[in-house]
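What follows is one structure encoded as C-alpha cells, with my remarks underneath.
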Amino acid sequence: MSLKGMMSRTNDDHAKAREAVAQFLEEHRVPERIRFDVQLAVGEASANAMSYGEGGNVVWRLSLGRGRILFEMEYRSQPFRTEAAPQDFEHPSEHGRGILLMRALTDDVEYKFSRGMVHLSMMKKLTIP
C-alpha cells in the first residue's frame, strides 16, 4: 500500500501533504505512537525541503508493508553534509536539528545526492519496543 504526492513550496501544499499522510496512516490503523512519530518526521522533512530546496516541486511517497513504513522524498538542492548534524540533543547546533529530530523519530534516515537532487529515505518499524 502506498501514497504518492507532489507539493510546491507553499505552506498550503505543505499542510495538504501532512494531512494526506496523517489520513493514510490512520486509515491503515497504524498505532498512534508510531503515527505521531512518522507525521512529525515527515513534517520536518517537508519543512526542510521547502526551506533549503532550490525550486521545483517536492515529490514524495509513503509506503506501508513488510512491518515498516517507508517515506521517500526527492527535491532539487545542492549536497550538504548530513554528518555535520548534531548527534544528540544535549549538544545542539544552529543547523541540522531537523535531521537529528528525524533520526530520533524513525529507525533509519538516509540521504543521497545525485545530479542536483536530494533523495531522502526514512524508515519506521511498525512494532513498538
*Selection count, region 19-28, where residues are within 19 Å of M123 (Cβ to Cβ), out of contact with any Lys or Arg (no Cβ under 6 Å at 6 or more places or on another chain) and of a type outside the set (G, A, S)*: 3
*If a residue has to be outside any strand (DSSP E or B), surrounded by fewer than 16 Cβ atoms within 10 Å (Cβ to Cβ) and at pLDDT 75 or above to count, how many in region 81-125 make the cut?*
4
_So, in region 1-43, how many residues would count as being of a type in the set (K, R) and within 10 Å of L62 (Cβ to Cβ)?_
1
*Would you check if S46 is among the polar types (S, T, N, Q) and more than 19 Å from G98 (Cα to Cα)?*
no
*Check on L25, in contact with a helix residue (DSSP H, G or I) (Cβ under 6 Å, 6 or more places away or on another chain), over 23 Å from R97 (Cα atoms) and surrounded by 13 or more Cβ atoms within 10 Å (Cβ to Cβ)*: yes
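Tell me, which residue of region 33-80 that is β-branched (V, I, T) and part of a strand (DSSP E or B) is surrounded by the most Cβ atoms within 10 Å (Cβ to Cβ)? Talk me through it step by step, then tell me what you get.
Pass one, region 33-80, residues β-branched (V, I, T): 34, 38, 42, 58-59, 69.
So of that shortlist, the ones also part of a strand (DSSP E or B) come out as 58-59, 69.
Values: V58: 25, V59: 15, I69: 27.
Per the criteria, the residue is I69.
The values are calculated or read from the model by the stated rules, or taken from the named source; none is laboratory data. Model, not experiment: these values are computed from the prediction. Neighbour counts run over all protein chains shown; Cβ positions are idealised from the backbone, glycine included.
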